[in-house]
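Here's the structure, in structure tokens; my notes come after.
The values are calculated or read from the model by the stated rules, or taken from the named source; none is laboratory data. Note that this is a predicted model, so its numbers are computed, not measured. Cβ coordinates were reconstructed from backbone atoms using ideal geometry, including for glycine residues, and neighbour counts include every protein chain displayed.
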Amino acid sequence: MRWKTGRRSRNVEDRRGRRVRRGIAGGGIGTIVLILATLYFGIDPNLLLQGLDRVSTSQAPPAGGQAPAADDEQAQFVSVVLADTEDTWQQLFAASGKRYQEPRLVLFTDAVRSACGFANAAVGPFYCPADNKVYLDLGFFRDLKRRFGAPGDFAEAYVIAHEVGHHVQNLLGVSAEVRRRQRGLSKAEANALSVRLELQADCFAGVWANQADRARSILEQGDIEEGLNAASAIGDDRLQRQAGGRVVPDSFTHGSSAQRVRWFRRGLASGDPAACDTFSR
């Protein structure tokens, strides 16, 4: 992926190295449940985070961290990808008469406190709609390569673009509508809506890649394969098999490997957010 000459975003907060204490609410048991549910059952960490260590308006998260060091290549890569998503979504929103509000991306180590609550790095990257921030422990990229078998810088870019896709959904009101529709549904029905939300974020990641490549020629040979491999590697069915359990489609919250690949590919092929209507297909 061609990224080193790209613009750096000013919206990266580097909180790595900070020690974060868990609040009284939630406790150690809650964190363990969150980790196990995320890793083994595919439950959306964003939903669980809302119930752990809720931060009240009088106990806001700590102020943002500093910008990453210029010689920190991995952090600079994240900054460039984030900037590229900013440029892409600014243009797409403007074309439809809307204003894009840029998210911030928080780099952390081991644990972090967001407006959605306390999170351990084991939950993986996540987006918090309460503060419009993406949270990322860079150790996840090591796991993506070694544990999930999905190496490559474009695989990492796909992960960032997927989380930014959740921010786009938040701005468009899609996330709020899904939460509204989930009220009163059975667990399986609520999970099915979560899957559609996640697949749309995959599609939006593909839209970004298409638009960015057309505008700035970011893709190199093998990049698309890296992205598709990453989408497949973190499908709910594959993760459940890796955990040694049986595949339970009703428990899916992110979609199967095949679904994630299909929707990422759709966005990549079209470059059009309108092609990402996962709720009526």
Legend entry - Of all residues making up segment 263-274, the number that are in a helix (DSSP H, G or I) and surrounded by 18 or more Cβ atoms within 10 Å (Cβ to Cβ): 6
Inset, instruction - Name, by its number, the condition in (1) at pLDDT 50 or above; (2) surrounded by fewer than 18 Cβ atoms within 10 Å (Cβ to Cβ) that does not hold for GLY51. - result: (1)
Legend entry - Residues located in segment 78-128, provided they are within 16 Å of the chain's Cα centre (by Cα), among the aromatic types (Phe, Trp, Tyr) and over 13 Å from HIS167 (Cα atoms): PHE108
Inset, instruction - Any residue in segment 98-118 that's under 17 Å from GLU13 (Cα atoms): show its pairings with residues that are of a type in the set (Asp, Glu) and outside any loop (DSSP other than H, G, I, E, B) at Cβ separation under 6 Å, as long as the two are six or more apart or on different chains. - result: GLU102/GLU86; ARG104/GLU13; VAL106/GLU13; LEU107/ASP14
Inset, instruction - Identify, from the list PHE252, PHE264, the residue that is at pLDDT below 90 and under 17 Å from the mean Cα position of the chain (by Cα). - result: PHE252
Inset, instruction - All but one of (1) under 15 Å from the mean Cα position of the chain (by Cα); (2) surrounded by fewer than 23 Cβ atoms within 10 Å (Cβ to Cβ); (3) of a type outside the set (A, V, I, L, M); (4) not in a loop (DSSP other than H, G, I, E, B) hold for TYR135, so report the exception by its number. - result: (2)
Inset, instruction - Those residues that are assigned to a helix (DSSP H, G or I) and surrounded by 21 or more Cβ atoms within 10 Å (Cβ to Cβ), I need them from segment 81-123; list them, please. - result: VAL81, LEU82, ASP84, THR85, THR88, TRP89, VAL123
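The rows are residues; the columns are (1) touching a helix residue (DSSP H, G or I) at 6+ places or on another chain (Cβ under 8 Å); (2) among the aromatic types (Phe, Trp, Tyr); (3) over 23 Å from GLN90 (Cα atoms).
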site: ARG179; (1), (2), (3): no, no, yes
site: LEU199; (1), (2), (3): yes, no, no
site: CYS203; (1), (2), (3): yes, no, no
site: ARG214; (1), (2), (3): no, no, no
site: LEU219; (1), (2), (3): yes, no, no
site: ILE224; (1), (2), (3): yes, no, yes
site: GLY244; (1), (2), (3): no, no, yes
site: ARG260; (1), (2), (3): yes, no, yes
